[in-house]
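Visitor: Attaching a single structure in structure tokens format; questions to follow.
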DNA sequence: CTGAATCCTCTAAGATACTG
DNA sequence: CAGTATCTTAGAGGATTCAG
């Protein structure tokens, strides 16, 4: 009966958001960087090429699925290069591309800010929480 | 009723992740910045104080719930200050704290990188997608 | 106007098992 | 070792409604 208005409005709101995303490079980059495992993986790769298994062990708590998925995403964006040699046993290495390396200074800026101000944030949280709940 | 092994293992993996998070300031900050609406809201507030309704209209596609929720989070972290005046009608303004303002240069660094390299990313995606699907 | 509470949906992410 | 496919679930996010 009539038009399924709900679904349409949903789709509308969704696309409105997605379009505003697509138009904003900063947001797209932050979205990628904000992905749970990206920063940890980039940090690892910053020190040099790593094998799949190495990352799997080094990056605390990542599942094999998320590792592959995240690496694929980074590869797709041209930030990470994947090089497979031989077929059995497989030996796959991941490393930063020049584009990926150009991102390191930005990460460093974030890290610097984070380490300098994380205390302020924690302090603010404590204050906020204690003035809210009690 | 015995040990619910499944739930425990789930909780274990989860806490392993959460603990590694808590230990890494960079990751915590990126997690916050990566939140869907944070960068858009900070961008707005960078230009000066804004009322709730203003943000609701300006930030494309945000729902009232997410706006409030995001602002609460930023307030809790001490990045944004909330000032309410009067009671009826309510007039609430949000603005960056000094801590929040100190974050702007970092955001600027991200923006600069993003705008310079977003083309590379899109190009890489096109290449990747065309070499994968066909 | 600001914002809290409710409900509902859909996706992201973990566990698991299977190929090459 | 590297990667894929499938199932399930917790939670994020959106619509809606109520309150001060």
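FYI, it's all coordinate maths here, none of it is from the lab. This structure is a prediction, so every number in the text was calculated from the model and none was measured. Heads up, the Cβs are rebuilt from the backbone with ideal geometry, glycines too, and the neighbour counts pull from every protein chain shown.
Visitor: At a 10 Å Cβ-Cβ cut-off, how would you order B:117, A:27, A:52, fewest neighbours first?
Guide: A:52, B:117, A:27
Visitor: In what order do A:92, B:106 fall by count of nearby beta-carbon atoms within 10 Å, going from fewest to most?
Guide: Ascending Cβ contact count within 10 Å gives the list A:92, B:106.
Visitor: Sticking with this one: Sort B:129, B:77, B:122 so the one with the fewest other Cβ atoms within 10 Å of its own Cβ comes first.
Guide: By the 10 Å Cβ count, ascending, the order reads B:129, B:122, B:77.
Visitor: Could you give the length gained on full extension between residue A:69 and residue A:23, defined as 0.36 nm per residue of separation minus the Cα-Cα distance, in nm?
Guide: 14.1 nm
Visitor: Something else now. With the crude spin-label approximation of a point 7 Å out along Cα→Cβ, what separation in nm comes out for residue A:115 versus residue A:101?
Guide: Spacing of the two 7 Å Cα→Cβ label points: 2.2 nm.
Visitor: Continuing with the same structure: Relative to the present Cα-Cα distance, how much length would full extension add between residue B:85 and residue B:60 at 0.36 nm per residue of separation?
Guide: Extra length available between residue B:85 and residue B:60 comes to 6.4 nm.
Visitor: Taking the Cβ-Cβ separation of residue B:51 and residue A:125 as r and a Förster radius of 22 Å, what is the calculated FRET efficiency to the nearest 0.05? All intermediate terms of the calculation are to be shown ahead of the outcome.
Guide: Numbers: r = 25 Å, r/R0 = 1.13.
My answer for the efficiency is 0.30.
Visitor: To continue, here is another question. Per-residue Cβ counts within 10 Å, from other chains only, averaged over B:114-127: what number is that?
Guide: Mean inter-chain Cβ contacts per residue within 10 Å come to 5.
Visitor: Give me the inter-chain shielding for A:86-93: mean count of other chain Cβ atoms within 10 Å, whole number please.
Guide: If you average over the peptide's residues, the count of other-chain Cβ atoms is 0.
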